[in-house]
Amino acid sequence: EYYEELIQSKKHDGIRVNYKGDHGKGVCANKDFAEGDLILKDQILVGAQHSLNKIDCVVCSYCFRFIGSVEFQIGHRLYFQSIASSIGCSSERHCHGSDVGSSTCSSGVTKEKSTTLPEEVIESLITGDVSLPFSDHFPLPEIIACQGCEEERYCSQSCADSDWESYHSLLCAGPNTEPPRRSALHKFVEHANETNDIFLVAAKAITFTMLRYKKLKRQNDFQNKSAESNFSLLMEAWKPLSMGFKKRWWDYVALPEDVDASDEDSFRQEIRDLAFTSLQLLKDAIFDAECAPLFSLEVYGHIIGMFELNNLDLVVASPVEDYFIHIDDLPDDKKEEAEKATAPLLDALDDDYAVPCDGTAFFPLQSCMNHSCCPNAKAFKRDEVMYILPFS
């Protein structure tokens, strides 16, 4: 029923979700699709940019679109690169913070660069005091700051409002948040960044459910306010996430190559303890007695397990890469003139000029599509929507 309503709401009459015994769910076609036809559009239910990738790219916290300007994106990247160089950071890649319990990598500050730029050059890029040649060919939305903090930024007021209503109003650690709660949120985020940033996605899943519950409760305010009716509303709010296939994170996560089989039990206990610590920090920040069932370790472990089993890598190509390709493709005379401004920047960025936005997201319909080593469809993202097309 849930998937039927979801498919009907998006007017995708060419597909259905089938249940088949021990094999679980699958997306099946009701008609023939030609190569290039749109099979479905799927909205992100919960997603997040990897923490370390925020060093490389500034994107909308709701739809993950690049924001600001090409100059701002380059300046932002060079600023953090200069900080890394000043403290001798030379790490190549990072995996979800400390890499505990996950194999998904995200980019962060990479190797030290031999080419450095003056601080005033970097600052002028960030502030917009300098315009690069042909950057007007790659316009980006103006940055809209979160109404409560400076941590989250958006491409539009619409995205800012949607994020606030769906997740961020409970996770905002700005100055308007009560000091004890703000401190607890900082501790939760710090722990996630140091261990595994999948905890940040799990927190968004819980706040999504809590805020949906509160909205349903307001809409049903005329009804009986008993504990039983409240629990019924909570289950209704949980429904979109309840449909995802789940296993407890610490039970199924693959044993890393550097962990001996004899140490498997202690490794899985370590993962469980990590989740327990994260959950306690989250409870300190946003616990609501009416939503208490969401804050059990069993539920938290299954939420994380659901993401690890069903998530889709969220990759958005950088306009900075397109910009430098455009410069390289210019006629020789225009290219030579443009490169007087762009060549030092490209040398300083080195391979990092092409780093995309990198994150993870859960899409309700896509999560029902089985993995295949010989796929017959492909996914690509536009704004906060994921499109799936068939191919031969």
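Figures for the structure shown
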read-out: For I304: the one exception among (1) loosely packed, with under 15 Cβ neighbours inside 10 Å; (2) at pLDDT 95 or above; value: (1)
read-out: Filter result (under 19 Å from I74 (Cα atoms) and assigned to a loop (DSSP other than H, G, I, E, B)) within region 334-376; value: V355, P356
read-out: Of all residues in region 249-277 being in contact with a Phe, Trp or Tyr (Cβ under 7 Å, 6 or more places away or on another chain) and assigned to a loop (DSSP other than H, G, I, E, B), the one that is surrounded by the most Cβ atoms within 10 Å (Cβ to Cβ); value: V259
read-out: Residues of region 42-90 that turn out to be in a loop (DSSP other than H, G, I, E, B) and under 25 Å from E308 (Cα atoms), as a count; value: 13
read-out: Residue pairs meeting the criteria (Cβ under 6 Å; at least 6 apart or on separate chains; first closer than 18 Å to D352 by Cβ and among the β-branched types (V, I, T), in region 323-341; second at pLDDT 95 or above and assigned to a helix (DSSP H, G or I)); value: I327/A338; I327/T342
read-out: Total residues in region 252-271, condition among the β-branched types (V, I, T) and within 22 Å of Y300 (Cβ to Cβ); value: 2
read-out: Residue list for region 29-51, restricted to those being exposed (fewer than 12 other Cβ atoms within 10 Å of the Cβ) and not acidic (D, E); value: N30, K31, A34, G36
read-out: Matching residues in region 278-302 - criterion: being among the acidic types (D, E) and assigned to a helix (DSSP H, G or I); value: D284, E290, E298
read-out: Verdict on L234 being in contact with a Cys (Cβ under 8 Å, 6 or more places away or on another chain), in the same structural domain as E298 (by TED's automatic domain parsing) and either charged (D, E, K, R) or surrounded by 20 or more Cβ atoms within 10 Å (Cβ to Cβ) (or both); value: yes
read-out: The listed residue being modelled with pLDDT of 90 or more, over 30 Å from Y387 (Cα atoms) and either in the same structural domain as A192 (by TED's automatic domain parsing) or over 22 Å from the mean Cα position of the chain (by Cα) (or both), out of F72, F66, F80; value: F80
read-out: Candidate set: region 233-251, residues that are under 21 Å from the mean Cα position of the chain (by Cα) and hydrophobic (A, V, I, L, M, F, W, C); chosen: the one farthest from E298 (Cα to Cα); value: M243
read-out: Pairs, first without any contact (Cβ under 8 Å) to a residue 12 or more places away in the chain in region 1-25, second small (G, A, S), C-beta under 9 Å, six or more apart; value: N18/G26; Y19/G26; K20/G26
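Residue by residue, here is whether (1) modelled with pLDDT under 95; (2) surrounded by 14 or more Cβ atoms within 10 Å (Cβ to Cβ); (3) among the hydroxyl-bearing types (S, T, Y) holds:
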{"residue": "A184", "(1), (2), (3)": "no, yes, no"}
{"residue": "A192", "(1), (2), (3)": "no, yes, no"}
{"residue": "N196", "(1), (2), (3)": "no, yes, no"}
{"residue": "V201", "(1), (2), (3)": "no, yes, no"}
{"residue": "F208", "(1), (2), (3)": "no, yes, no"}
{"residue": "Y213", "(1), (2), (3)": "no, yes, yes"}
{"residue": "K225", "(1), (2), (3)": "yes, no, no"}
{"residue": "L241", "(1), (2), (3)": "no, yes, no"}
{"residue": "K247", "(1), (2), (3)": "yes, yes, no"}
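The values are calculated or read from the model by the stated rules, or taken from the named source; none is laboratory data. All of these numbers come straight from a predicted model, not from anything done at the bench. Using ideal geometry, Cβ is built from the backbone for each residue, glycine included, and neighbour counts are taken over all protein chains shown.
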